[in-house]
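So the structure is just underneath, and the comments pick up after that.
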Amino acid sequence: VGIFTLFKLIAFKDENTKQLAKDKLLQAYIELLKKLNSLGVAWLELDEPYLVYDLNQEDIALFEEFYKELLKHKGEVKILLQSYFGDLRDIYTKLLESDFDALGLDFVEGKESLNLIQKHGFANDKILFAGIVNGKNIYANDYAKSL
């Protein structure tokens, strides 16, 4: 799971604890990324399901703060930002300008995903991972319709 979603799901005792956790989490993710780099990992998928919720400016700033720093340490590792069970309408244009190598968009539950691409385009320097199978019940999926 990505650092933003993990941070948003933690219940903090107070602001001091929250700030300490923010710093520690960021350092842990940076260390993990460095380790994966040293092992020659080609791709890392970071799931950020919290991005499909209604985000305010504070949320967007926090996401950008985390990833601006974290992506400085990606080295040769390509990073896929994956979302699901909704669309990224509140942060899509920011993601197009980000240093992620790929974006995973949900085209089943993400009712605005296609509209976002039609309106804002898609970044030439990124790969699109298109979620076209209903993740809530993959066995009941109509593959002829999805494909």
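The values are calculated or read from the model by the stated rules, or taken from the named source; none is laboratory data. Values in this document were obtained by computation on a predicted structure and should not be read as measured data. FYI the Cβ positions are ideal-geometry reconstructions off the backbone, even for glycines, and counts take in every protein chain you see.
Could you tell me which of the residues 32, 39 is exposed (fewer than 14 other Cβ atoms within 10 Å of the Cβ), without any contact (Cβ under 8 Å) to a residue 12 or more places away in the chain and at negative phi?
Only one candidate passes the filter, namely 39.
What residue, of 92, 143, is farther than 26 Å from residue 39 by Cα, without any contact (Cβ under 8 Å) to a residue 24 or more places away in the chain and among the aromatic types (Phe, Trp, Tyr)?
Testing whether each residue is farther than 26 Å from residue 39 by Cα, without any contact (Cβ under 8 Å) to a residue 24 or more places away in the chain and among the aromatic types (Phe, Trp, Tyr) leaves just 143.
Pick out, from the range 54-147, the helices (runs of 4 or more DSSP H) lying fully within it that include 3 or more residues that are of a type in the set (A, V, I, L, M).
The helices (runs of 4 or more DSSP H) meeting that bar are 57-70, 113-120.
Can you find even one residue in the range 125-144 that is modelled with pLDDT of 95 or more, in contact with an Asp or Glu (Cβ under 8 Å, 6 or more places away or on another chain) and not charged (D, E, K, R)?
Yes: the range 125-144 contains one or more residues that are modelled with pLDDT of 95 or more, in contact with an Asp or Glu (Cβ under 8 Å, 6 or more places away or on another chain) and not charged (D, E, K, R).
Name the pairs: first residue in the range 122-138 and under 15 Å from residue 111 (Cα atoms), second residue modelled with pLDDT under 90 and surrounded by 15 or more Cβ atoms within 10 Å (Cβ to Cβ), Cβ to Cβ under 8 Å, at least 6 apart or on different chains?
133/141; 134/141
Kindly indicate which of 45, 69, 58, 112 is within 23 Å of residue 6 (Cα to Cα), free of Cβ contacts under 8 Å to residues at least 40 places away in the same chain and not hydroxyl-bearing (Ser, Thr, Tyr).
Exactly one of 45, 69, 58, 112 is within 23 Å of residue 6 (Cα to Cα), free of Cβ contacts under 8 Å to residues at least 40 places away in the same chain and not hydroxyl-bearing (Ser, Thr, Tyr), namely 58.
I'd like the full set of residues that are out of contact with any helix residue (DSSP H, G or I) (no Cβ under 8 Å at 6 or more places or on another chain) and surrounded by 16 or more Cβ atoms within 10 Å (Cβ to Cβ), limited to the range 113-128.
113, 117 - these are the residues of the range 113-128 that are out of contact with any helix residue (DSSP H, G or I) (no Cβ under 8 Å at 6 or more places or on another chain) and surrounded by 16 or more Cβ atoms within 10 Å (Cβ to Cβ).
Tell me, please, whether a residue that is small (Gly, Ala, Ser), surrounded by fewer than 17 Cβ atoms within 10 Å (Cβ to Cβ), on the phi < 0 side of the Ramachandran plot and at pLDDT 95 or above can be found in the range 67-83.
no
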